[in-house]
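The values are calculated or read from the model by the stated rules, or taken from the named source; none is laboratory data. Note that the structure is a prediction, hence the values are computed from the model and not measured. Cβ: placed from backbone, ideal geometry, glycine included. Neighbour counts: every protein chain shown.
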């Protein structure tokens, strides 16, 4: 029996890796100008950021529905698969709740059984979640049932880290996802806050005064997590700046092993334009 990996679009996984590892990605929703669109399906990143920065109503996001999960789970289970479903932090989104309701509804319906689905709260978002998903896909390919794969994934969650340098906290605040980063509110406006994902939330790290300093600190903080096994760089709108970040991190892994990714519309709603990120999987010690 094959174990298939499912995640949501907030993982920001590049499409080539999704295809290579046969990962199923369930789109989150973004509401832009009263249009409800599937992240990465009905709207691409370029169009989203153009609309985000235009004058108008602030975009909002919505989790995949229970029906979205039911459809995917039933399809995969009907093919004789087991499922490990790994999702964005439950403190940041209700996505895992939709997945849990879908799993509970499966028993005895069309031969599908919820016991063949293992759910995991990654406590992460964006490519840090993506790296967890990639690890899970490799584990699944190596054998074992879904419960064994899920147990291994959970054991390794603390090895995955996310660091983000934002150009502004405005979008995080407007979207209601400010969390622990509210400690930075009321500070000098012209700062470029660095946040770290920890315990399922965005925590403030420090507030450099300009983009150059923010990039340099992002590199320094990433290097503190060495040795690393996986590494990804992420951007919202400035690919050239991400390329500089990647070059600065080649001491951790060779350039051809560093994944390049982009914040999609789900994370982009809160991260905003001109943001950078680093996702790291540490070597187990």
Collect the residues in region 195-211 that are at negative phi and in contact with a strand residue (DSSP E or B) (Cβ under 9 Å, 6 or more places away or on another chain), keeping them in residue-number order.
195, 196, 197, 198, 202, 203, 204, 205, 206, 207, 208, 211
The residue that is farthest from residue 274 (Cα to Cα), considering only those in region 17-53 that are in contact with a strand residue (DSSP E or B) (Cβ under 6 Å, 6 or more places away or on another chain) and assigned to a loop (DSSP other than H, G, I, E, B), is 23
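Can you confirm whether residue 91 is in contact with a helix residue (DSSP H, G or I) (Cβ under 8 Å, 6 or more places away or on another chain), under 29 Å from residue 273 (Cβ atoms) and not assigned by TED's automatic domain parsing to the domain that holds residue 197? Steps first, answer last, please.
Numbers: in contact with a helix residue (DSSP H, G or I) (Cβ under 8 Å, 6 or more places away or on another chain): yes; under 29 Å from residue 273 (Cβ atoms): yes; not assigned by TED's automatic domain parsing to the domain that holds residue 197: yes.
Yes, satisfied.
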Could you tell me which numbered condition residue 37 fails, if it satisfies all but one of (1) outside the structural domain of residue 98 (by TED's automatic domain parsing); (2) within 23 Å of residue 131 (Cβ to Cβ); (3) buried (at least 17 other Cβ atoms within 10 Å of the Cβ)?
(2)
Helices (runs of 4 or more DSSP H) enclosed by region 119-176 - at least 2 residues per element that are modelled with pLDDT under 95:
170-174
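Would you call residue 56 at pLDDT 95 or above and either in a helix (DSSP H, G or I) or outside the structural domain of residue 237 (by TED's automatic domain parsing) (or both)? Before you say what the answer is, go through the steps one by one.
Values: at pLDDT 95 or above: no; either in a helix (DSSP H, G or I) or outside the structural domain of residue 237 (by TED's automatic domain parsing) (or both): yes.
So residue 56 fails the test.
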So which of 253, 245 is in contact (Cβ under 8 Å) with a residue 12 or more places away in the chain and more than 12 Å from residue 215 (Cβ to Cβ)?
253
